[in-house]
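Report on one structure; see the data block that follows.
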Amino acid sequence: MSAHPSGPRSWQLCYDNRRFWQLCYWPRMGGDVWTLYADPARTKRLARAANPGELLATIPARDAEAQAREAARKGY
């Protein structure tokens, strides 16, 4: 996986299979709020957490689900 800044408080994550994710944070009193999106346009919010590590840990399972859905759609 690679990560590149894509704007203020935002990173674009790219998996080896060229699937992209967007990780953003918003500063808040008492701790930042991190959000994981399924697309670079940030229209499909997947999860929120206080720690980016929690969200990054969920990406392999989410990626496997997306691949399974795509394979089922294509009839593999």
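The values are calculated or read from the model by the stated rules, or taken from the named source; none is laboratory data. What you are looking at is a predicted structure, and each value in this text was computed from that prediction instead of being measured. All Cβ positions, glycine included, derive from the backbone under ideal geometry; neighbour counts span all protein chains shown. What goes into the accessible areas is simple: the full protein's heavy atoms, side chains included, and nothing from ligands, DNA or RNA. Shrake-Rupley method; radii C 1.70, N 1.55, O 1.52, S 1.80 Å.
Please identify the pairs in which a residue from segment 31-58 that is farther than 17 Å from F20 by Cα has its Cβ atom under 9 Å from the Cβ atom of a residue that is open to solvent by less than 70 Å² (accessible area, probe 1.4 Å) and acidic (D, E), counting only partners at least 6 apart or on another chain.
Listed pairs, sorted by first residue: A50/D32; N51/D32.
Working only within segment 31-64, note down all residues that are closer than 21 Å to S2 by Cβ, of a type in the set (D, E) and either exposed (fewer than 14 other Cβ atoms within 10 Å of the Cβ) or over 12 Å from the mean Cα position of the chain (by Cα) (or both).
Scanning segment 31-64 gives D39, E54.
How do the pairs read when you match residues in segment 1-30 that are open to solvent by 60 Å² or more (accessible area, probe 1.4 Å) with residues anywhere that are of a type in the set (K, R), using Cβ under 8 Å and keeping only pairs 6 or more apart or on different chains?
Final answer for the pair search is W26/R9; P27/R9.
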